[in-house]
């Protein structure tokens with residue numbers, strides 16, 4: 001039963017993640033494009049009924065995922081089995097840390113948690129040594145966890161070679177997207193000028209983050 005609820009929760013979260021990644025890829029067209037995309041789809045995920053449901057799914061996903069990892073500690077065999085656990089553990093960390101940071105920025109600091117909020121830590125003079133792998137690993141971990149889960153669910157329908165190739169392909173796609181998104185937000189593709197309220201270590205009076 002817990003596994004079934006975990007999958008249902010994962011499906012709901014993935015609907016959000018797909019649009020969230022599309023939003024981040026919109027940054028390839030510039031900051032304004034990213035913010036315009038976000039303003040449109042915020043009307044859906046910040047709706048009074050949707051946002052609490054999404055937050056509840058995230059908390060349940062983290063709790064149930066950690067439960068599975070603990071239950072099968074020392075029992076996992078093979079690359080994909082271990083990769084699923086490792087990626088799930090990182091996603092649990094990322095979701096809790098990132099969700100806390102966004103809610104803090106939104107409700108305590110009074111910031112619009114848009115492109116600049118995510119880009120702040122990636123700029124020179126801030127903390128790119130932490131935030132670059134932090135964001136990149138989150139994208140890679142999501143695709144890895146999804147690929148490993150789908151590989152297990154289709155184990156009786158598809159041959160092993162096909163499942164392994166599909167999983168590796170999904171991980172490669174995740175890595176490509178991770179590098180692309182981090183490059184856009186860090187200012188590699190075009191200059192990023194942060195408003196003063198979003199600056200971290202490279203401003204005279206950075207907000208507490």
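Only a single item in (1) under 18 Å from the mean Cα position of the chain (by Cα); (2) surrounded by fewer than 16 Cβ atoms within 10 Å (Cβ to Cβ) is not met by residue 40, and it is number (1).
Name the residue, out of 98, 145, that is surrounded by 13 or more Cβ atoms within 10 Å (Cβ to Cβ) and closer than 17 Å to residue 6 by Cβ.
Values: 98 fails: closer than 17 Å to residue 6 by Cβ.
One residue alone meets the criteria, 145.
When 156, 163 are checked against the criterion of being more than 22 Å from residue 21 (Cβ to Cβ) and not in a helix (DSSP H, G or I), 156 stands alone in meeting it.
Rule-based calculations on the coordinates, nothing more; no lab input. This one's a predicted model, so the numbers in the text were calculated from it and none came from an experiment. A quick note on method: Cβ atoms are made from the backbone with ideal geometry, for glycine too, and the neighbour counts reach across all protein chains shown.
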